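In what follows, a structure is listed as structure tokens, so that the remarks can point back to it.
The values are calculated or read from the model by the stated rules, or taken from the named source; none is laboratory data. What you see is a predicted model, and the numbers here were worked out from it, not measured in a lab. Glycine gets a Cβ as well: all are built from the backbone with ideal geometry, and neighbour counts include every protein chain shown. With ligands, DNA and RNA removed, areas are computed over all heavy atoms of the protein, side chains included. Shrake-Rupley method; radii C 1.70, N 1.55, O 1.52, S 1.80 Å.
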Amino acid sequence: MNIFTVKTISNSFKYLLLAWSLLLPAAATEMPFADWCHALAGNWQGSGARSGELPKAITTQAICSADGAQLIISVSQGVRYASSETWWFRRQGDKVMLTFFDGVTEDKGREFSLYRRGDSYSLLGEGVITDRPALIQLLFEPKDGGWQWLQQSQFLDDEVERYQLYRGMSLLPLNGGG
């Protein structure tokens, strides 16, 4: 399953996404990108796995630009291919643009809205997964002095109203410092 297949979804799904985002708990508020960027910046270690796979050791480096408008996350070791994968997030107005590349498959792009709920950060966007329209969530929750990064999706043509885990990664401080 490829959560970043680039396809266009009809306007009706855009309205559904907007309506769904309005139903977020009142504690969820749109968050300035720079706060999230600086919170994730650092060198991390941990494990990661796609749903149904055994976890593999990973190292992750997250670099926030000086102006707090761009975040590059590089995941090495234990990724799908021998090369690392890179997640380039950048603030564009009230949206977050993501470009994902792994050096093997075609680069993929996606647009998200960034929200904060308590100490957690959530990026919500729309996409197509295995030819089905879906909501995509990248959830960063504080855990053990670091972060748990969950990549989840919810199919819009399905009656199941919950996110399904695609991949999870733990980002723990490398050598005691993040």
Can you confirm whether Ser21 is modelled with pLDDT of 90 or more and among the hydroxyl-bearing types (Ser, Thr, Tyr)? no
Go through the stretch 91-103 and report how many residues are in contact (Cβ under 8 Å) with a residue 24 or more places away in the chain and surrounded by fewer than 17 Cβ atoms within 10 Å (Cβ to Cβ). 1
Evaluate the following for Leu174: is it closer than 18 Å to Ala41 by Cβ and at pLDDT 95 or above? no
Out of the residues in the stretch 24-54 that are acidic (Asp, Glu) and surrounded by 11 or more Cβ atoms within 10 Å (Cβ to Cβ), which is modelled with the highest pLDDT? Asp35
Assuming Ser83 fulfils every condition listed in (1) modelled with pLDDT under 90; (2) polar (S, T, N, Q); (3) buried (at least 18 other Cβ atoms within 10 Å of the Cβ) apart from one, which condition is it? (3)
Name every residue in the stretch 128-164 that is open to solvent by 40 Å² or more (accessible area, probe 1.4 Å) and either on the phi > 0 side of the Ramachandran plot or at pLDDT 90 or above (or both), in order of residue number. Thr130, Asp131, Glu141, Pro142, Lys143, Asp144, Gly145, Gln148
